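Before any comments, here is the structure.
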Amino acid sequence: MLMSWSREPAPPPIDYVRASGGYFLDATIHDIDLLCWIAGERPVEVYATGSCKFDPAIGAEGDVDLTMTVLKMPSGALVHVNNSRACAYGFDQRLEAFGTKGMLQTKNHRDDNLVRWDGQRTDARATLKHFFLERYDASFYHALDEFQAAIQEGRPPSVTEEDGRTALAIALACDRSRREGLAVMPDY
């Protein structure tokens, strides 16, 4: 079982929401892409639901700001994606892989990893990174370096067009599932 949590610190401007294609195409697609890569397979069934709990203007545009998605893989593995456009404590992004031999977790990025325990509190830590530009700045550079290396070495990049099309097909299936209230099969 794979689970991810991606919660943004605040909803984006409404003009961005209007142009984004909807929450599944704007944000969830990144979780889907990563989780399918980790799983090594793509889902045969998708169920997604959502609501608008934080910014009524997003709901007025027909979009949502809170979603839960379940992907069923051919192997029987289940993948859960939890997304939110608002999170009071910062940019909350975590991942968990659970199986018969144990569990792996990634934790949130912080400015430091100091944990304070005293008579007033336990597990007091620095706040989370505020937004994706802070959280992923090194990743963007690595992606550009990989792309440049592929061009210079005359090889295909490690991320393919098919990877992008697959993530898009799954994100579109998520949106369809939310609107229809049913589990659906992605149209690959």
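The values are calculated or read from the model by the stated rules, or taken from the named source; none is laboratory data. Note that the structure is predicted; figures quoted are calculated from it, not measured. Note that each Cβ is placed from the backbone with ideal geometry, even for glycine, and that neighbours are counted across all protein chains shown.
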Note on segment 43-67: residues in contact with a strand residue (DSSP E or B) (Cβ under 7 Å, 6 or more places away or on another chain) and of a type in the set (Val, Ile, Thr) are VAL44, VAL46, THR49, VAL64, THR67
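Just for strands (runs of 3 or more DSSP E) wholly inside segment 73-124: which have at least 1 residues that are more than 27 Å from ALA183 (Cβ to Cβ), β-branched (Val, Ile, Thr) and at pLDDT below 85?
Values: elements: 78-84, 92-99, 102-106.
It comes to 102-106.
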In segment 52-70, residues that are under 12 Å from ARG85 (Cα atoms) and part of a loop (DSSP other than H, G, I, E, B) total 7
Which of (1) surrounded by fewer than 20 Cβ atoms within 10 Å (Cβ to Cβ); (2) modelled with pLDDT of 95 or more; (3) of a type in the set (A, V, I, L, M, F, W, C) does ALA10 not meet, given it meets every other one? (2)
Of the residues in segment 1-42, those that are within 20 Å of ALA88 (Cβ to Cβ), touching a strand residue (DSSP E or B) at 6+ places or on another chain (Cβ under 6 Å) and among the aliphatic types (A, V, I, L, M) come to ALA27
